[in-house]
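K.L.:
Before anything else, here's the structure in question.
FYI, it's all coordinate maths here, none of it is from the lab. Please read all numbers here as calculations on a predicted model, not as lab measurements. Positions of Cβ are backbone-derived with ideal geometry, glycine not excepted, and every protein chain shown enters the neighbour counts.
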Amino acid sequence: MFDDLLSLLFPKSCYACDGAMARGEKYICTKCSVKLPYTDSHVHGATELNPLQRRFWGKVPVRFAFSYLHFMPKGRVQRLLHRLKYKGAQELGEHLGQRYGSLLSDYSYPEQFDVVVPVPLHKYKLRRRGYNQSESFSRGLAEAMQLPHYNKALHRTIDTATQTRKNRLDRWQNVEQVFQVQHPEVVRGKRVLLVDDVMTTGATLEACAVALLAAGATEVSVATIAAA
Ligand SMILES: [Zn+2]
C-alpha cells in the first residue's frame, strides 16, 4: 500500500520512452520491454550464425560473444544507454544485467564461465563520472548467473578519450597497451566473461581479451548491453 501511495505521488517514468509506468513495472515499461531490439546471439552460441562472434575471428580467441540488444542511434536503446552513461542510472545497468543474466541462465550459460569481469574506466573518467556504467551491468549479470564478480581485475592505463583525434592505426596500437591485468590470480586458469556497455568495432573487448589470456585466463567470452 505504501508503494502504491509512493507511485501515486511520484509517478516513475520509463527509462526507454519517458512515458508513465503502470504499477508493477520497473525502469522499463511493458510496451518498451516488448519492442526492444533484442539480439538472438545467445541462441546461436559460438556458431558462425552469431555475427558478433565473427567480429573476433582471426583476432583473438573468444568463446562466446553476446549482446542483449542491437544498438540503434535513435530510439529506446540510445535513451537507455544515455540514462546509464550520463544520467547516473546505475540501477538501470544492474536491472538490464539481471534481465540478461536470467535469460542466459535459461540457456545454461552460467556453467560456461567462472568469473565476470567488467571493462574498466580510466581513473580520471571514473572520478568525473563517479561510476563505471559497464560495472553496474556486469554486477547484475553476475548476480543473476550466480557467478563471482571481480571489478578490479583489469586496469585501464591510458585515458583513450584524449586519443580520439589520432588516426585509426595509431588508435589501435594505443588500445593494445591500454589494459593491464591488475590481479592475475583472479583470472588465472579461469573462464572469464568480459563485460562492456557497447560493442562497436570490438577493439576494446579484443584488447582486454588479449590481456586476460596473456595473464593466464583459459578462455574469454564477451557480453554487452548493445552492439552496433
Ligand atoms: Zn517505455
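K.L.:
Give me the net charge of ALA217's neighbourhood, meaning all other residues with Cβ under 13 Å from the Cβ of ALA217; Lys, Arg count +1, Asp, Glu -1.
P.N.:
+1
K.L.:
Separate question: Tell me the Rg and the Dmax, in Å, that the Cα atoms of the chain produce.
P.N.:
17.8, 59
K.L.:
Follow-up question, since we're still on this one. Using alpha-carbon pairs under 8 Å, 6+ residues apart, how would you state the relative contact order of the chain in percent?
P.N.:
21 percent
K.L.:
How much length is gained on full extension from LYS31 to THR218, taking 0.36 nm per residue of separation minus their Cα-Cα distance?
P.N.:
63.2 nm
K.L.:
Stretched out fully, how many nm does the piece from LYS12 to LYS87 gain, at 0.36 nm a residue minus the Cα gap?
P.N.:
Taking 0.36 nm per residue and subtracting the Cα distance, the gain is 25.5 nm.
K.L.:
How big is the equivalent ellipsoid of segment 18-100 along its three axes, where each semi-axis is √(5λ) from the Cα gyration tensor, reported in whole Å from largest to smallest?
P.N.:
For segment 18-100, the semi-axes come out at 28, 14, 12 Å.
K.L.:
Ok, one more. Just tell me which lysines come within less than 21 Å, Cα to Cα, of LYS152; anything on the same chain fewer than 8 places away is out.
P.N.:
Qualifying lysines at Cα under 21 Å: LYS85, LYS123, LYS125, LYS190.
K.L.:
Name the shape class, rounded, prolate or oblate, that the alpha-carbon gyration tensor gives for segment 172-228, where a ≥ b ≥ c are the square roots of its eigenvalues, rounded holds for a/c under 1.5, and otherwise prolate holds if a/b is larger than b/c and oblate otherwise.
P.N.:
It is oblate, given that a/c is not under 1.5 and a/b is not larger than b/c.
K.L.:
Each label point is 7 Å from the Cα along the Cα-to-Cβ direction; what then is the distance between the points at GLN78 and TYR131, in nm?
P.N.:
Reported label-point gap for GLN78 and TYR131 is 2.4 nm.
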